[in-house]
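Single-structure report; data block below.
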Amino acid sequence: MLSFEVVTLFPELFEQHLKHLPLKKGLEIGAIKINFHNIRDFAVDERGSVDDKPYGGGPGMVLRPEPVFDTVESIKRVSQDKSKSRVVLLSPAGQKYTQKKVREYSQLEQLILISGRYEGFDARIEEGLADEAISIGDYVLSGGEVPIMVILESVTRVMPGILEKAGASEIESFESNFVEYPQYTRPEEYRGMKVPEVLLSGNHAEIEKWRKEKSKPINP
Ligand code: SAM
């Protein structure tokens with residue numbers, strides 16, 4: 001069982017996502033647990049402040065270290081061993097999130113995911129609190145909540161018992177160095193576009209060969 005610990009200023013953004021597959025199923029069968037930790041509960045003053053102006057000037061506000069350290073340190077760690085419990089900061093400057101990371105995270109017992117907002121984090125948060133920083137791509141979002149949803153969903157769907165067919169996740173895009181072959185369903189012809197003959201042939205060896213040919217290498 002993997003416990004996700006989501007550290008955010010906006011836990012309500014996740015509500016709908018939890019009601020649908022694969023998270024709903026993961027929660028139902030006990031493959032995953034998701035706990036939310038609101039950074040605002042550890043604000044530095046009565047007014048609920050969690051951010052401040054950047055030293056050296058510049059636009060916007062930066063998340064202060066104290067509320068984020070206090071929130072993460074309030075979480076009961078299952079282990080100090082990084083192969084069991086990992087602290088991940090969401091940042092556009094982090095290492096790129098890949099299907100390899102998905103498999104790696106699915107082996108953990110606890111994954112602590114810290115979402116930024118505003119102009120991002122005080123740099124001491126990454127330095128003193130996180131095991132690693134992860135980016136979901138070379139573009140900037142307003143917060144780490146959507147990137148965290150990407151991680152929750154991608155990790156949960158490779159866990160045993162989540163997808164209908166055992167092994168379905170292993171043949172998907174990025175599991176090897178290829179993206180998946182094109183898929184077709186009914187009707188056989190639509191607006192003049194036909195399903196390739198070989199897929200209707202019932203010849204499994206030929207179908208396999210065609211699918212291999214049509215799988216594209218990643219970053220050719
Ligand atoms: N000033 C920061 C910069 O230029 O790198 C951007 C901060 S962004 C507006 C606010 C937060 O959204 C970040 O701290 C991070 O948690 C999250 N975020 C935005 N884009 C992201 C991405 N591509 N991957 C992961 N997290 C992202």
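The values are calculated or read from the model by the stated rules, or taken from the named source; none is laboratory data. Keep in mind the model is a prediction, meaning the values are calculated, not measured. Note: ideal-geometry Cβ built from the backbone for every residue, glycine included; neighbour counts use all protein chains shown. All accessible areas refer to the heavy atoms of the entire protein, side chains included, with ligands and DNA or RNA removed. Shrake-Rupley method; radii C 1.70, N 1.55, O 1.52, S 1.80 Å.
Residues 127, 119: which one is modelled with pLDDT of 95 or more, more than 6 Å from the ligand (Cβ to nearest atom), open to solvent by 20 Å² or more (accessible area, probe 1.4 Å) and among the acidic types (Asp, Glu)? First the steps, then the outcome.
Working: 119 fails: more than 6 Å from the ligand (Cβ to nearest atom).
Being modelled with pLDDT of 95 or more, more than 6 Å from the ligand (Cβ to nearest atom), open to solvent by 20 Å² or more (accessible area, probe 1.4 Å) and among the acidic types (Asp, Glu) holds for just one of 127, 119, which is 127.
So residue 90 ticks every box in (1) touching a strand residue (DSSP E or B) at 6+ places or on another chain (Cβ under 8 Å); (2) at pLDDT below 95 but one. Which box is left unticked?
(2)
Looking only at the range 193-206, decide whether some residue is part of a helix (DSSP H, G or I), over 22 Å from residue 157 (Cα atoms) and touching a strand residue (DSSP E or B) at 6+ places or on another chain (Cβ under 9 Å).
Taking every residue of the range 193-206 in turn, none turns out to be part of a helix (DSSP H, G or I), over 22 Å from residue 157 (Cα atoms) and touching a strand residue (DSSP E or B) at 6+ places or on another chain (Cβ under 9 Å).
Based on this model, can you work out whether residue 101 counts as within 14 Å of the chain's Cα centre (by Cα), without any contact (Cβ under 8 Å) to a residue 40 or more places away in the chain and over 19 Å from residue 27 (Cα atoms)?
yes
Within the range 137-188, track down each residue that is under 30 Å from residue 63 (Cα atoms), open to solvent by less than 40 Å² (accessible area, probe 1.4 Å) and part of a loop (DSSP other than H, G, I, E, B). Break it down stepwise before answering.
Start the filter on the range 137-188 by keeping residues that are under 30 Å from residue 63 (Cα atoms), which leaves 137-156.
Those left that are additionally open to solvent by less than 40 Å² (accessible area, probe 1.4 Å): 137, 143-145, 147-149, 151-152, 154-156.
Once the filter is applied, which keeps residues that are under 30 Å from residue 63 (Cα atoms), open to solvent by less than 40 Å² (accessible area, probe 1.4 Å) and part of a loop (DSSP other than H, G, I, E, B), the range 137-188 yields 137, 143, 144.
Given 19, 25, 33, which one is open to solvent by less than 60 Å² (accessible area, probe 1.4 Å) and in the same structural domain as residue 125 (by TED's automatic domain parsing)?
Just a single option satisfies the conditions, and that option is 25.
Identify the residue in the range 99-116 that is more than 15 Å from the ligand (Cβ to nearest atom) and either at pLDDT below 95 or of a type in the set (D, E, K, R) (or both) and, among all such residues, is farthest from residue 84 (Cα to Cα).
100
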